[in-house]
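Chemist: Dropping a structure here in structure tokens format, bear with me for questions.
The values are calculated or read from the model by the stated rules, or taken from the named source; none is laboratory data. Computed from a predicted structure; not experimentally measured. With ideal geometry, Cβ positions are generated from the backbone for all residues, glycine too; neighbour counts draw on all protein chains shown. Heavy atoms of the whole protein, side chains included, go into the accessibility calculation; ligands, DNA and RNA do not. Shrake-Rupley method; radii C 1.70, N 1.55, O 1.52, S 1.80 Å.
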Amino acid sequence: MKSPASPRIAILYPGDAAARENATVTNNRFADLFQAFHDTGARPEPAVYSDDFYVDVREQLLQVDTVLVWVNPIHEGRDRTVLDTMLREVAAAGVFVSSHPDIILKMGTKRFSIKQRGWSGVLLIRSYITRLRICRSLWRFPAAGEVRVLKQYRGHSGNGVWKVEAPDLPDGQRLTSNSRVLVQHAQRGEVAEEIPFSEFLDRCKPYFANGGKMIDQRFQPRLQEGMLRCYLVHDQVAGFGFQSVNALYPPAAGQPVHSAPQPGPRHYFPPTMPEAQRLKQKMETGWIQEMQRLLDIPTHQLPVLWDADFLFGPRTAVGEDSYVLCEINVSSVAPFPNSAIPFIVAAVMKQAQTRGIDE
């Protein structure tokens, strides 16, 4: 019998058969989270996952109260098709799954736009479902010198994120297949290169496999000033991360392309981070609620852990920062600040108690 006072909690993360056989609550990157659950009287356990033995994992998950999932959407060249099917089955059997695949599809991976007073920019400019739609749209570059960023729908670590510009395109003129475009992949170590537009379109072909798509956003000139990542547990800010995100930033004038700045490490902060209090207030008193309204997600269905990345937009008339939503991450938010652990534990325990009362 399941007990809401001492819920059985599985933390699911990828690994091979040997990792599953030898898994303990201490020999993985979630050891602190396992300990925090244990300290509350919960019964946490590792659930090492691979498509190769998903049946065994499913049998394990059907016996627990809660599953917390950390699997990158394109881990080691795979996708989440098998995993998501299994998680839906487990959730249908009454186990609380976070993040549920349907919630990921609603919230994550650069999908929707929010327009709200005080925000600069929106998340979604255009969503391309086919390669032809990219081609037609980019033929109509609105102005000479404009810079765009295209992202594959599901990815991580800069994989499938491209900066695209047409520096020699006159105002009002459309690109052709032979037009030269300057493109740069956002993965570490990549540099800008000038290639025909048709070649760039060919490079994007893999992103449209299996119903994939790409998202189009404007390049933000203040990119080199860094990115502020807001970590959330349901509808509460649980910490922040700050990182110099320079992967798409150009080199200094007259310098070779390989001299462009590279991304720096991410530094973690608690929700009391002084420099982020204005963003925290915006998130908790309007932005999250607007997102929930747009996507029809009640608070208890929000992920136990998710994050929203913000770049700095134009400064206001009084010199304050504005923020441009870059993307939302839901499927595999790790690492995360230690300050998020008490929020995660409290949310899961409350969920277990509520479900126990309802049952």
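Chemist: What does the accessible area of residue 26 come to, in Å² to the nearest 10, when a probe of 1.4 Å is used?
Modeler: 110
Chemist: Are there any trypsin sites (Lys or Arg not before Pro) in region 260-315 that are in a DSSP loop and have at most 13 other Cβ atoms within 10 Å? List them by number.
Modeler: Answer in residue order: 315.
Chemist: Okay, moving on. With label points built 7 Å along Cα→Cβ from the Cα atoms of residue 354 and residue 243, find their separation and express it in nm.
Modeler: It works out to 3.0 nm between the two label points.
Chemist: Give me the orientation-averaged projected area of the Cα convex hull of region 158-230, in nm², one decimal.
Modeler: 6.7
Chemist: Of 163/205; 205/280; 280/350; 213/282; 213/350; 106/151, which pairs sit farther than 28 Å apart, going by alpha carbon to alpha carbon?
Modeler: Listed pairs above 28 Å: 205/280; 213/282; 213/350.
Chemist: Kindly report the accessible area of region 291-359 per residue (heavy atoms of protein chains, probe 1.4 Å, no ligands, DNA or RNA), in Å².
Modeler: Per residue, region 291-359 has 44 Å² of solvent-accessible surface.
Chemist: Could you provide, to the nearest whole Å², the per residue accessible area of region 1-48 with probe 1.4 Å?
Modeler: It amounts to 53 Å² per residue over region 1-48.
Chemist: Is the shape of region 1-98 rounded, prolate or oblate, going by the alpha carbon gyration tensor and its root eigenvalues a ≥ b ≥ c, with a/c under 1.5 for rounded and a/b larger than b/c for prolate?
Modeler: oblate
Chemist: How big is the dipole moment of region 32-76 about its Cα centre under a simple scheme where the beta carbon of each Lys and Arg is +1, that of each Asp and Glu is -1, and everything else is neutral? Debye, nearest 20, please.
Modeler: 140
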